[in-house]
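Okay, structure first, notes after.
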Amino acid sequence: GKCPTCSLEVEQDCLCGKQSQPRSCSDPTWSCDQVCGKALPCGNHTCCQLCHIGSCGDCPRKGLRHCPCGKTEHVLPCTEEVPVCGDTCSKMLTCGVHQCSRSCHHGDCGQCLQLSVRRCHCGRKERELRCGLEVLCEVKCTNQRSCGRHQCRRKCCDGNCPSCENTCGRPLKCGRHKCAAICHSGSCYPCTMTEEVACACGSTILTVPCGRKQYTPPPQCRSMCRKPPTCHHKERKPHRCHPGPCPHCRQLCNKRLSCNHNCSSACHSEPQMPPMRRPVGLAPWEKFNPADQPAIVKPCPPCKHLVSR
């Protein structure tokens with residue numbers, strides 16, 4: 001098969017020979033992108049081409065040349081400038097509408113000096129100005145932007161109103177935050193904030209979208225309930241974490257009775273709320289809160305132990 005290309009680097013000159021640099025042996029040709037500058041055959045001028053190989057060619061000023069406006073031809077030595085012809089320049093000016101009215105000249109034609117009556121961008125005002133100058137009025141555009149909520153308010157608008165740059169600010173469906181996006185038409189995107197729903201003991205946390213907390217039940221928790229007992233016992237009967245109040249205590253009461261026996265009934269010292277009945281005599285406009293009612297605590301029943309007499 002064919003041998004691979006040489007991977008060695010050697011010092012290589014550019015095409016014009018002004019510079020050199022390390023190059024791959026397999027790709028020795030390169031250009032330094034500088035003006036050649038070599039003397040032309042005329043002996044009066046230098047080569048204006050970029051770094052190149054081979055002959056620079058004849059002087060570009062040799063032979064037939066035209067005057068600046070291009071209407072008259074001259075054959076002159078390269079050391080002499082082509083004279084102006086005296087005719088009108090007639091080159092198209094930068095405005096793209098009028099032609100240069102000066103006589104044949106060297107250099108740029110300059111800006112157009114013609115006066116014309118022109119309308120502004122929005123078409124409401126017109127003024128006589130020098131050609132090429134922009135006509136702008138102070139009238140603010142009242143068209144609606146793409147959002148459909150705000151006016152353009154740009155001075156002398158040509159009708160191509162830009163997109164709205166205001167913040168939307170409409171309330172989101174979560175009811176707690178406002179849309180922070182650039183003003184837009186149609187519905188807003190859902191709220192990007194989140195909320196946490198915790199179990200009763202706080203060990204298990206569920207992350208839900210903003211506004212869904214009140215509709216999301218607490219997550220199931222595998223931990224044991226940590227609520228302190230509301231009766232006289234030091235600890236509750238072990239049970240799992242749960243929402244709402246704990247179930248009533250089912251342990252034996254074991255309080256010391258007056259007869260020195262312990263109460264053998266089920267625990268009854270846990271306060272119980274009275275029925276949610278409106279007290280008699282309370283006026284309709286007066287507020288009633290069942291939590292303000294005193295809790296009912298049942299006393300121990302009579303001792304059930306049998307004694308011999």
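No value in this document is a laboratory result; all are computed from the given coordinates. All of these numbers come straight from a predicted model, not from anything done at the bench. All Cβ positions, glycine included, derive from the backbone under ideal geometry; neighbour counts span all protein chains shown.
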In the Gaussian network model of the chain, springs joining C-alpha atoms below 10 Å, which of K71, K62, K18 carries the largest mean-square fluctuation? K18
Projecting the Cα atoms of C16, G37, G70 onto the charge dipole of segment 1-100, where Lys and Arg contribute +1 and Asp and Glu -1 at Cβ, the residue farthest towards the positive end is G70
Determine the shape class of the chain: with a ≥ b ≥ c the square roots of the Cα gyration tensor eigenvalues, call it rounded for a/c under 1.5, and otherwise prolate if a/b is greater than b/c, oblate otherwise. oblate
Just going by the charge dipole of the chain, with Lys and Arg at +1 and Asp and Glu at -1 on Cβ, which of S101, G186, S55 is farthest out on the positive end? G186
Using a Gaussian network model of the chain whose springs link C-alpha atoms within less than 10 Å, name the residue from C120, C42, C191 with the highest mean-square fluctuation. C42
Relative contact order of segment 122-244: what whole-number percent is it, with Cα pairs under 8 angstrom and at least 6 residues apart? 14 percent
Cβ-placed point charges (K, R +1; D, E -1), dipole of the chain about Cα centre in debye, nearest 20: 3520 debye
With just the Cα atoms defining each centre, how far is segment 1-70 from segment 130-168? Give it in Å. 54 Å
Please check: in the Gaussian network model of the chain (C-alpha springs, under 10 Å), which one of G37, G175, G148 has the largest mean-square fluctuation. G37
